[in-house]
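Asks: Got a structure for you, questions after.
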Amino acid sequence: TPAKPVLVTGASGALGKVVTKALGALGWTLALTDIAPFPEALPAGATFTRADLNDGVAILRLAEGCGTIIHLGGVSAEQPFETVIGPNIRGLYHIYEAARREKARVVFASSNHSIGFHERAESIGADTQFLPDGYYGLSKAYGELMGRLYWFKHGVENVNVRIGSAFPEPTNARMLATWLSYPDFARLMQRCVLAPKVGCCVVWGASKNAKMTWWRDDARAAVGWAPEDSADGFAGQLAGKVSGDPVEERYMGGAFCSMEYSRGA
Ligand code: 15L
């Protein structure tokens, strides 16, 4: 059990609920927040406060006394720039300022969309260049860079989890590579909080999928995590489930890449 409470942002979202349930069941003290009300019963030892990531004072207050901030909050799909900037850019700054003041660690829900324009035929290490596939992916790359700034300048530890596709089940051929099961995700969050030293690092958030040849060389060993689940059992029913869109199928980010794509062939 961590020595200090854990702040979870985006607690009312799909992954927030998964984390809340899993860490709550371990008896951890959780401070939960989201802009939307928490849709379920709170686990024992959890408090919930509604807040906007744009509100820096509210975030500072929520982080008081916390040892880790699991930052899942913000826009989680491609949106216009003006919609992304508040929660994902300004909000990120509020999270890191709070972490600096509390000497807390940040666990950031980054995304494969920060590198979405790498081709599926590649195999990239975690230090390969960012190739965001939209304003959402760009905000995730920005968040990771903010983590580097706060680590090198202020010693704020951070783990940046580039989540693939975290859903109850994989639902198309792409997810045979990118799927991250909820239990693997929950165990990863647990390790990111408990690992004694993480510095500033990146972990690819995907389960033990045979098709997951895209991503390698991350900090999972340092964090003490290895995935246990796999999308492989779904291969029979999903292998043919492709979009037919050449841009979508060429790049790791899939449909985010083909959205508003205008580069030409
Ligand atoms: C993401 O970053 C999204 O939040 C999620 O809804 C999925 O689209 C996922 O990426 C994915 O790439 O499958």
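The values are calculated or read from the model by the stated rules, or taken from the named source; none is laboratory data. All of these numbers come straight from a predicted model, not from anything done at the bench. Note that each Cβ is placed from the backbone with ideal geometry, even for glycine, and that neighbours are counted across all protein chains shown. Ligands, DNA and RNA are stripped out before the accessible areas are found, and what is left, the full protein with its side chains, is counted by its heavy atoms. Shrake-Rupley method; radii C 1.70, N 1.55, O 1.52, S 1.80 Å.
Asks: Looking only at region 63-83, filter to residues that are surrounded by 23 or more Cβ atoms within 10 Å (Cβ to Cβ) and either among the aliphatic types (A, V, I, L, M) or without any contact (Cβ under 8 Å) to a residue 40 or more places away in the chain (or both); which one of those is nearest to the ligand (Cβ to nearest atom)?
Replies: Taking the candidates together, the pick is 72.
Asks: Shifting gears a bit: What about residue 185, is it under 14 Å from the mean Cα position of the chain (by Cα), open to solvent by 50 Å² or more (accessible area, probe 1.4 Å), within 16 Å of the ligand (Cβ to nearest atom) and within 19 Å of residue 140 (Cβ to Cβ)? Steps first, please.
Replies: On the way: under 14 Å from the mean Cα position of the chain (by Cα): yes; open to solvent by 50 Å² or more (accessible area, probe 1.4 Å): no; within 16 Å of the ligand (Cβ to nearest atom): yes; within 19 Å of residue 140 (Cβ to Cβ): yes.
No, not satisfied.
Asks: Every residue in region 142-199 that is touching a helix residue (DSSP H, G or I) at 6+ places or on another chain (Cβ under 9 Å), assigned to a helix (DSSP H, G or I) and among the small types (Gly, Ala, Ser), please.
Replies: 143, 147, 186
Asks: Any residue in region 110-117 that is farther than 23 Å from residue 83 by Cβ and either within 13 Å of the ligand (Cβ to nearest atom) or in a loop (DSSP other than H, G, I, E, B) (or both)? Give the derivation first.
Replies: Keep residues of region 110-117 that are farther than 23 Å from residue 83 by Cβ, which gives none.
No, region 110-117 contains no residue that is farther than 23 Å from residue 83 by Cβ and either within 13 Å of the ligand (Cβ to nearest atom) or in a loop (DSSP other than H, G, I, E, B) (or both).
Asks: Are any residues in region 211-242 over 28 Å from residue 106 (Cα atoms) and touching a residue at least 40 places away in the same chain (Cβ under 8 Å), and if so, which ones? Spell out the reasoning first.
Replies: Initial filter on region 211-242 (over 28 Å from residue 106 (Cα atoms)): 211, 231-242.
Matches in region 211-242: 231, 232, 234, 235, 238, 239, 240, 241, 242.
Asks: Take residue 260 and decide whether it is open to solvent by 60 Å² or more (accessible area, probe 1.4 Å), of a type in the set (D, E, K, R) and within 16 Å of the ligand (Cβ to nearest atom).
Replies: Working: open to solvent by 60 Å² or more (accessible area, probe 1.4 Å): yes; of a type in the set (D, E, K, R): yes; within 16 Å of the ligand (Cβ to nearest atom): yes.
Yes: the conditions hold for residue 260.
Asks: For residue 18, work out the one condition from (1) surrounded by 20 or more Cβ atoms within 10 Å (Cβ to Cβ); (2) within 16 Å of the ligand (Cβ to nearest atom) it doesn't fulfil.
Replies: Failing condition for residue 18: (1).
Asks: Report the residue count in region 107-144 for those that are closer than 19 Å to residue 263 by Cα, surrounded by fewer than 24 Cβ atoms within 10 Å (Cβ to Cβ) and among the acidic types (Asp, Glu).
Replies: The total comes to 1.
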